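Beneath this line is the structure, given in structure tokens, with notes to follow.
The values are calculated or read from the model by the stated rules, or taken from the named source; none is laboratory data. The structure displayed is predicted, hence computed values, not measured ones. Quick reminder, even Gly has a Cβ in these numbers, built from the backbone with ideal geometry, and neighbours come from all protein chains shown. These accessible areas exclude ligands, DNA and RNA; they are computed on the full protein's heavy atoms, side chains included. Shrake-Rupley method; radii C 1.70, N 1.55, O 1.52, S 1.80 Å.
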Amino acid sequence: MSKPTCLVFQTYNRLAELIDSGVLTHPRVKRRAEDLLDLLKDVCTGSSGPNHLQAILKSVATILIEEPEAFSGEIKRIVGEPLESHQEVFVSHIETHNCPTGDCDFLTPAPCQMACPAGIDVASYVGLIGEGRYAEAVEIIRRDNPFPWVCGLVCTHPCEFVCVRGRIDSPIAIMNLKAFAAERAVSERTYKNPPKAEDLGFKVAVVGAGPAGLTAAYYLALKGYRVTVIEALAQAGGMMMVGIPRYRLPREVIDREVAFIEELGVTFRFNTRLGRDTTIDQLRSEGFQAFFLSLGAHAAMDLGIKGEKDFPQVIDAISFLRHVSKGERHIPGKTAAVIGGGNVAIDAARSLIRLGCEDVLLLYRRTRSEMPANEEEVKQAEEEGVRLSFLTIPVEVLGADGKVTGLRCLRARLAEPDEKGRRRPVPVEGSDYVIELDAVISAIGQRIDPEGLDSVTDLHWTKWGTLIADTITSATSAEDIFSGGDLVTGPATVVEAIGAGKRAVEGIDRYLRGLPQPKMPPVPSRRMRAALSEVPAQTKMALRRPEMPFLGPERRRITFQQVELGYDEATARQEAKRCLRCDICKRCGKCVKICREQMGIDALQFGHVDFGTPGLTDFRITAERCILCGACAANCPTRAMTLEDREGERVLSLCGTVLCREKLETCHRCGAVVGPARYLEYVKKRTSAVQEAFAGSLLCEKCIRQLTAQSKSGITIP
Ligand SMILES: Cc1cc2nc3c(=O)[nH]c(=O)nc-3n(C[C@H](O)[C@H](O)[C@H](O)COP(=O)(O)OP(=O)(O)OC[C@H]3O[C@@H](n4cnc5c(N)ncnc54)[C@H](O)[C@@H]3O)c2cc1C
Ligand code: SF4
Ligand code: SF4
């Protein structure tokens, strides 16, 4: 096992070793050290509360003042010094119940939470959904992301790529569950804002009402700041509103979630473009003391081919989708080609179909397996009638009388993989051919449009045209200006923009309060330890990820109606129950080891606990072999494995999954519980001499002792 690096955990261990070593010979010093150890244990195990830091400091101070130097010196070195030099680590453990190093077993977030750019406590909200507690699930999500419904529909869900259940069959449908909970909470009117803090009096301007800006506005308003959002367009939402088509993300969903932000007192200045209608200096003179720039990446990349600028029917996908989002429904041509292989290209192609284009062809330079677009969306596009042409390089837009008539293309082949493993498309000489068509939509990428920020002279930019901002604090080179989202990262995702908005709030808050900025990037916080749902092992293994029901392709071709129809309640709750609750089971493998090596039983087949040596997981095996001794549960560091005697049974469970249960036997003599038969059988084999003396009767430990003494001394012991 690697050496622990967590300072709190190290402090706890060192103090425990000191006490165990016996050098604290004075009884009062020993008792005081043990009390201090209990407090530190609370901090390492997530049981600490707001008074723990003061209690620890007081305890150390008392020892240092009142105890002899011979004892207090060691305690000062082991506990006092780390507390003094790195008090923030202790504070963070106490406040967030979170250990970024993973050494404090109880406080480590699950892999899904670690993978989420907004740091959502996935395991807890999935657990709450399993229990039918949707409003609480939404409340947990909104601690880290004010857009649970939006993200439930369009998130790129990096959490699902690391989901541990994926090692058994398929990942938990984390994203779909989020949409389900949000929709439920909205329809049941239980989707609510948390209380906001007292007004701090500071004015903050957020420029750009996309997910980054709106997230910053939400958390700033909750902290008590007076927030105004400056937005060039007539409505909020950014690319969620004017990029992502409504058949994937209905406008009402965005409006609903934006309305909750507005409800906190955030004000919006629409149709106000920074650089045209206002400037940072003007805003400063209006009394704004800090700024969050989140202007996104709204300029399209040029194709760089002949004829591209000569015809009105050559349109970039960003402009095209923006017009469609505004309700424009005329087609740019009966036959159209979309150039690109990403999600934006697929969105443009599927929108063209819905507008009534007769033939929509998607041209991509590489092959299907290199397409960056989401596989499911590519499949849906094909179902709707989009044709895909791979290894195709457009080289010239052809036309006559101001109208597009065709696209000259070259065939391509893939070169050998480069150092990054990517295979470059190489044009095949002499392979050119013409595709006849009426319109071309280019979707080969976006870039930052620096217009609007020209007037802010003290900003620094990368060579790719993105704004430079600190990855921890979001601060730019201008003291009062912070930034995040696509403007800083280049075109990315909604959840990354949300994560950036949330991070910036911490930076802005500290700047305005005059507090030092953090040196380490923030780590996701576990928000609760949600109750475990009891599921039999058979069910846990048999449950499969449900398919998302979709609108039929025929209907999809003619309407912008939402394609995903969503889970029903029973499906959502059942899916939540597949979760392995990795916020509690850390997959340390101790249970497997103890059962196999110490007990010699080998009842736990948990391939998923070890990413290094993949093996099968089968929770059902345990019921066949387990003797319900409880050795695994007794040694489980996080209480993920539990052994309980209840209602006449002994039950072994792992995070709520019932692995084994058996009737409890009672003592024939006094009626006390002696354990399940298979455990007694196991014990009997190892204590044959004692058992032989009382053969035929089932006795508890106490009765065996009494009868043994009685038979030896002839005295009756009560
Ligand atoms: C077609 C398309 C589909 C996408 N699909 C997905 C998806 O399915 N899932 C996903 O996760 N991501 C998707 N994305 C990416 C995602 O939408 C963006 O990464 C995200 O919206 C970026 O958020 P942001 O807040 O940084 O910027 P934006 O959302 O771009 O918002 C920036 C805002 O700033 C405003 N603004 C710009 N300049 C000024 C100015 N000078 N003054 C005032 N206001 C200004 C803009 O009008 C806009 O409202 C998609 C993007 C596109 C284009
Ligand atoms: S099984 Fe549950 S807790 Fe574990 S990674 Fe997947 S969603 Fe997260
Ligand atoms: S309770 Fe069962 S699974 Fe756990 S150590 Fe004992 S025999 Fe193995």
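Quick look at the numbers
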| quantity | calculated |
| --- | --- |
| Count - residues of the stretch 472-513 that are in contact (Cβ under 8 Å) with a residue 24 or more places away in the chain, more than 9 Å from ligand 1 (Cβ to nearest atom) and part of a helix (DSSP H, G or I) | 12 |
| Which numbered condition Leu410 fails, given (1) surrounded by 13 or more Cβ atoms within 10 Å (Cβ to Cβ); (2) in a loop (DSSP other than H, G, I, E, B) | (2) |
| Residue in the stretch 144-158 that is open to solvent by less than 40 Å² (accessible area, probe 1.4 Å), away from ligand 1 (no atom under 16 Å from the Cβ) and not aromatic (Phe, Trp, Tyr) present | no |
| Residue in the stretch 213-225 that is open to solvent by 10 Å² or more (accessible area, probe 1.4 Å), away from ligand 2 (no atom under 16 Å from the Cβ), closer than 20 Å to Val150 by Cα and assigned to a loop (DSSP other than H, G, I, E, B) present | no |
| Some residue of the stretch 271-282 being among the hydrophobic types (A, V, I, L, M, F, W, C) and surrounded by fewer than 21 Cβ atoms within 10 Å (Cβ to Cβ) | no |
| Members of the stretch 489-502 that are open to solvent by 40 Å² or more (accessible area, probe 1.4 Å) and over 22 Å from Asp583 (Cβ atoms) | Thr489, Pro491, Ala492, Glu496 |
| Residues of the stretch 534-566 satisfying the condition of being more than 30 Å from Thr622 (Cβ to Cβ) and touching an Asp or Glu at 6+ places or on another chain (Cβ under 7 Å) | Met548, Phe550, Pro553, Arg556, Arg557, Gly566 |
| Check on Ile472, among the β-branched types (Val, Ile, Thr), more than 18 Å from Gly296 (Cβ to Cβ) and open to solvent by less than 70 Å² (accessible area, probe 1.4 Å) | yes |
| Qualifying residues in the stretch 97-108 (those that are part of a loop (DSSP other than H, G, I, E, B) and open to solvent by less than 10 Å² (accessible area, probe 1.4 Å)) - the one farthest from ligand 1 (Cβ to nearest atom) | Cys104 |
| Leading residue by the ranking (surrounded by the fewest Cβ atoms within 10 Å (Cβ to Cβ)) among those in the stretch 290-341 that are among the charged types (D, E, K, R) and over 38 Å from the mean Cα position of the chain (by Cα) | Lys309 |
| Odd one out for Val456, checked against (1) over 30 Å from Ile230 (Cα atoms); (2) buried (at least 17 other Cβ atoms within 10 Å of the Cβ); (3) over 33 Å from the mean Cα position of the chain (by Cα) | (1) |
| Residue within the stretch 570-590 that is part of a loop (DSSP other than H, G, I, E, B), away from ligand 2 (no atom under 16 Å from the Cβ) and at pLDDT below 95 present | no |
| Among the residues listed as Ala232, Ala259, the single one being in contact with a strand residue (DSSP E or B) (Cβ under 9 Å, 6 or more places away or on another chain), at pLDDT 95 or above and not in a strand (DSSP E or B) | Ala232 |
| Selected residue (only one of Arg422, Arg387 is basic (Lys, Arg) and either farther than 30 Å from Ile558 by Cβ or touching a residue at least 40 places away in the same chain (Cβ under 8 Å) (or both)) | Arg422 |
| Candidates Lys379, Lys326, filtered to the one that is modelled with pLDDT under 95 and more than 16 Å from ligand 2 (Cβ to nearest atom) | Lys326 |
| Count of residues meeting criterion [closer than 21 Å to Ala542 by Cα, outside any loop (DSSP other than H, G, I, E, B) and open to solvent by 10 Å² or more (accessible area, probe 1.4 Å)] in the stretch 163-180 | 3 |
| Given (1) exposed (fewer than 15 other Cβ atoms within 10 Å of the Cβ); (2) over 30 Å from Asp470 (Cβ atoms), number of the condition Leu515 does not satisfy | (2) |
| Residue count for the stretch 562-621, restricted to those that are open to solvent by less than 70 Å² (accessible area, probe 1.4 Å) and more than 16 Å from ligand 1 (Cβ to nearest atom) | 41 |
| Members of the stretch 673-718 that are among the aliphatic types (A, V, I, L, M) and either modelled with pLDDT of 75 or more or not in a helix (DSSP H, G or I) (or both) | Val673, Val674, Ala677, Leu680, Val683, Ala695, Leu698, Leu699, Ile715, Ile717 |
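Matching residues to (1) touching a residue at least 12 places away in the same chain (Cβ under 8 Å); (2) within 30 Å of Leu39 (Cβ to Cβ); (3) not in a helix (DSSP H, G or I):
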position: Gly119; (1), (2), (3): yes, yes, yes
position: Ala123; (1), (2), (3): yes, yes, no
position: Ala135; (1), (2), (3): yes, no, no
position: Ile140; (1), (2), (3): yes, yes, no
